[in-house]
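Derivation of every value follows stated rules applied to the coordinates shown; laboratory data play no part. Here the structure is a predicted model, which means the values were calculated and not measured. When we count neighbours, we look across all protein chains shown, and the Cβ atoms used for this are built from the backbone with ideal geometry, even at glycine.
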Amino acid sequence: MTVIIDAQALQKNFRVAKRRPGIFGGLRSIVDPEVRIVSAVQDLSLQVQRGEMVGLVGPNGAGKSTTIKMLTGILTPSGGEIRVAGLTPIHQRRELSKRIGVVFGQRTQLWWDLPLLDSLQLLRHLYRVPEARHRENLKQLRVMLDLDEFIDTPVRQLSLGQRMRGDLAAALLHEPELLYLDEPTIGLDVVAKARIREFLLALNTQRSTTVLITTHDMDDIETLCPRILIIDHGRKLYDGAVKDIRTRFGGERTLIAVLDGSELARLAMLPSAEDGLATLPDLPAGVRLLKLDGPQIELGFGREALPAHELVAWLGARYTLRDVTFREPDIEDIIRRIYEKDLLLGDIGMPV
Amino acid sequence: MWRNLWEDLQLYQHLLVIQIKAQLQYKANLSLDIISYLGITGLEFVALLLYFVPFRTLLGWHVGEVAMLAAVMSLSFGLSELIGAGIDNFSVLINRGEFDRVLLRPVSAFVQVIGNDFRLRRLGRITQGMLAFALALHFLPALHWTFFKLLVLGIGIISGTIIFLSIVLLGATLCFWTVETTEITNILTYGSREMLSYPLTIYHQVLQRFFLFIVPVAFASYVPVCYVLERPLPFGLPAELALASPIVALLFALVSGWIWTFGVRHYQSTGS
Amino acid sequence: MLRFYFEVAGTAFRRQIVYRWANLAGLCTNIFFALIVSYIIIALYAVRPVVAGYDVHDTLRYTWMMQAILMVVLPFGFTDLMQTIRTGDVVTDLSKPCDFYLYWFSREMGKNVYYAIFRGLPTYLAGMVIFKLGVPLTWQSWLAFGLIPPFGATLGIAYRFLYNIVAFWIIEARAVVSFALTIAQFLTGSFIPLPLLPGWLQTIVNWLPFRGFMDLPVQVFLGKISGSLLWGAFGLQVGWLIILTCLVLWLVQVARQHVVVQGG
């Protein structure tokens, strides 16, 4: 495998002028602006191998789009080194742009008033793609993205999902090795989302295009990206496999047990805590009762607390069990926990 | 370099063709648009003519001569508007963050910007310019035409187009710093057009020098029209200066092009 | 309820204050244009000292006052209402418990006060400095001046509302906006002072509503019109205001039905 993105110690600072309140303050700001340095990205290192699909996650304003802008050569870094496809983005921007594709979920690059096909034809000239190659690519993408049903419709009349398929085609006509997707499924319905994901997986296997996705949709991450990068406050919080994140930071798993109907009477007699929820006596340390609903009982327990089978055994020894299932923690919750509590600050994970 | 230029021109042509195609879809709407634009620009010209009802001359210039100045101005301004309106609309591109997209393509940012908002309705002003020119000729039956005069007028209009394009490019460059002050560009575009629709010498010396030597809009109308009308230039400048219009225009274009590249670089370091 | 409308006006006023640079740029543009016209006028008057009772000084004052109140009466690029129609936000605005027109009226009045203070005043002051214009008002005309320009601004609001509301029925209404503005600028004397127009054209223009926008306020300021002539002209413009306002209210009514039929 070869490295396609290699960024070392990336740094980006912005100067922000502050405005003073009031009319006179405003006049003073014109003459004597108060400048603050805001650092959007700090010491961010990142390596992506050819053919990988990587998810870039973080709250709004975390530095995701600043990072993408530096990787594409739109923005000059304040510090650090970047090589993308062997090129220095800011100095070789135009050369690099022939080899990358970018899709902004909220901004289309298609011409609003024109049929989709016209836009796709025009892009040949904007990327200087040889005609035969363009024709071949267009033919393939029309099949892969099922464009034919709406290719002659003006873009403004397309549904959001159709437009996104059009935009994906637009970004791929010049056969980029690397595709940046910024919120590719935002605002789409479930069916349209599934379709986009399916296409991206196919693209990744067939053309082995490297894909970097920023998204708020954890389903995108779980279906598409084996590897995830979590950013907050311009710093990298986590870089590693999605499945590892659960084992390492999963917090609580949930055991859902359905008890035998004969236990209902006993459950009703459990003492109540202040918040009105019943309490189970002598719960093992690190286990708590989440919910009690008829014969169904939900227990949350940390990975360190005790192995799952011991908890089942503990419960089985006290009640007659009908059914037991486990629920893994929601990846979205984990990530929110990570950046709310800065769990990973300073603990940089390893690339896969 | 020539190959690049040729490719850029081709790209520009493709951009125009696709937009013309889109606008021709609503032909009725388009013709209404062109006519109303003709009306608007025509009304401005009528106001100029009306000044000559109470006043017979303007510092010795007759209505026909001033009409010719205004017509030449309309033509070069109208052409620049037609060719490069995308630049005039640049603040929108910046505000919507669409300039990022421009930078993500392997072709010239300038060509993409200039070709991004082509509107056929702007033919309205060019039509007005031609009508005004015809009217000027009607007012000046005694004017003696030579081949050189025609040539000077022609290159004057083309130079004027280049100068106006350079001005809007400078205005667009300003948007890399702030989109709040776009109105200031209007001083140099609409303002100088309005101003130089009248003889340059009626203005304060500072203004005269400014529009001759710094932002050389005078080379777009006043200097060539003086050549045609055989009138002397201010500051003892020779009449043949009219032939220098294209050089002046290209110099000005080079300077503003350089400032534009500087602006793009600034954008890349601030991203705003 | 009255307090609500004052609140709306105040908010509009404060929102304008934020754009300091834009205002400065706009102010420069106003001054530059007034400057150009001034030089043209001075050059024209070289051949004739007085036209229709206006000497060069009167015409200069006319020009600068015109530029000063231009943004109050005929602001360029007012398409705010049109935009709400295009985006559909207008539907919520229409269903608000306040009066639709009064709401927009208050907003625009708030902006007008801003433009009068931060655009109009400095523009005219610049003219005073550059061309020694002075303030030609007598105490009677001060009284009239307190009344007639605000009245012109009211006409201006009704007018801009009208050319915006057409967006309910015309999809690409930008051409309408620029056409409406150009016609109004011409007929209110902002391209060429109305007193310089040939007599027959003046007679027509005097009967139109546009005269009340800016020409009448400026003439009052110059003290060129007073007494019964002034009150006659003013009465005519009051008539126009009533007509325009009725037209506005009627169109709002029609638009409301239009929206209801479309199902919001």
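Dipole of chain B, Cα-centred, from +1 at each Lys and Arg C-beta and -1 at each Asp and Glu C-beta, to the nearest 20 debye?
Here the size comes out at about 280 debye.
Separation between the C:Lys96 and A:Asp244 pseudo-spin-labels, each 7 Å from Cα along Cα→Cβ, expressed in nm?
Label-label distance for C:Lys96 and A:Asp244, simple model: 5.5 nm.
List the GluC sites (Glu not before Pro) in region A:274-317 that DSSP assigns to loop (not H, G, I, E or B) and whose Cβ has at most 11 other Cβ atoms within 10 Å. Which are they?
A:Glu274, A:Glu304
Please tell me the relative contact order of chain B in percent, rounded to the nearest whole number, where contacts are Cα pairs under 8 Å and at least six residues apart.
Working: 330 pairs, mean separation 67.2, N = 272.
Reported as a whole number, the value is 25 percent.
Check cross-link reach from C:Lys224 to the lysines: straight Cα distance under 20 Å, and skip same-chain residues fewer than eight apart.
C:Lys132
Would you work out which of A:Leu267, A:Gly61, A:Ala7 lies farthest towards the positive end of the dipole of chain A? Charges go on Cβ: Lys and Arg +1, Asp and Glu -1.
Sorting the options by dipole projection puts first A:Ala7.
Report the percentage of all Cα-Cα pairs in the protein assembly as shown whose separation exceeds 36 Å, rounded to a whole percent.
61
Set the Förster distance to 41 Å, then compute FRET efficiency between C:Tyr39 and B:Glu240 from the Cβ-Cβ distance, nearest 0.05.
0.90
Hey, got the dipole for the protein assembly as shown? About the Cα centre, +1 on K and R Cβ, -1 on D and E Cβ, debye to the nearest 20? Intermediate values should be presented prior to the final figure.
On the way: 79 positive and 72 negative charges, 414 e Å.
For this selection, approximately 1980 debye.
Taking the dipole about the Cα centre of region C:2-256, with the C-beta of Lys and Arg at +1 and of Asp and Glu at -1, give me whichever of C:Ala158, C:Leu2, C:Leu208 is farthest to the positive side.
Projecting each Cα onto the dipole axis, the largest value belongs to C:Leu2.
Do the alpha carbons of any pairs in A:Lys69/A:Lys98; A:Lys98/A:Lys139; A:Lys12/A:Lys236; A:Lys12/A:Lys64; A:Lys12/A:Lys98 sit beyond 23 Å of each other, and which pairs?
Values: A:Lys69/A:Lys98 16 Å; A:Lys98/A:Lys139 20 Å; A:Lys12/A:Lys236 14 Å; A:Lys12/A:Lys64 12 Å; A:Lys12/A:Lys98 25 Å.
Violating the 23 Å Cα-Cα cut-off are A:Lys12/A:Lys98.
If r is the Cβ-Cβ distance from A:Leu270 to A:His309 and R0 is 30 Å, what FRET efficiency results, to the nearest 0.05?
0.80
For region B:2-265, with the dipole built from +1 on Lys and Arg beta-carbon atoms and -1 on Asp and Glu ones, taken about the Cα centre, which of B:Leu207, B:Leu254, B:Gln112 lies farthest toward the positive end?
Toward the positive end, the furthest listed residue is B:Gln112.
Please give me, ordered by residue number, the trypsin sites (Lys or Arg not before Pro) of region C:92-147 that lie in loop per DSSP and have at most 15 other Cβ atoms within 10 Å.
On the way: sites: C:Arg107, C:Lys111, C:Arg119, C:Lys132; in loops: C:Lys132.
Filter output for region C:92-147: C:Lys132.
Principal axis extents for region B:2-265, Cα atoms only, whole Å, descending order, please.
Dimensions of region B:2-265 along the principal axes of its Cα atoms: 56, 44, 37 Å.
Output needed: percent of Cα pairs per 10 Å distance bin for region C:2-256, bins running from 0 to the one holding the longest distance.
7, 29, 36, 21, 7, 1, 0
Sequence neighbours fewer than 8 away in the same chain don't count; with that in mind, list the lysines whose C-alpha is under 29 Å from C:Lys96.
Straight-line reach from C:Lys96, under 29 Å: C:Lys111.
By per-residue mean of other Cβ atoms within 10 Å, what is the highest-first order of B:232-238, C:208-214?
Working: B:232-238: 12.3, C:208-214: 24.9.
The peptides rank, most packed first, as C:208-214, B:232-238.
Return the whole-Å distance between the Cα centroid of region A:287-308 and the Cα centroid of region A:313-334.
Here the two parts' Cα centres lie 6 Å apart.
Any idea what angle helix C:121-131 forms with the longest principal axis of chain C, computed on alpha-carbon atoms, 0 to 90 degrees, nearest 10?
Here the helix axis deviates by roughly 20 degrees.
Dipole of chain A, Cα-centred, from +1 at each Lys and Arg C-beta and -1 at each Asp and Glu C-beta, to the nearest 20 debye?
It works out to roughly 1480 debye.
For region C:1-71, state the semi-axes of the equivalent ellipsoid (square roots of 5 times the eigenvalues of the alpha-carbon gyration tensor), sorted largest first and rounded to whole angstrom.
Each semi-axis is the square root of five times an eigenvalue, giving 37, 16, 5 Å.
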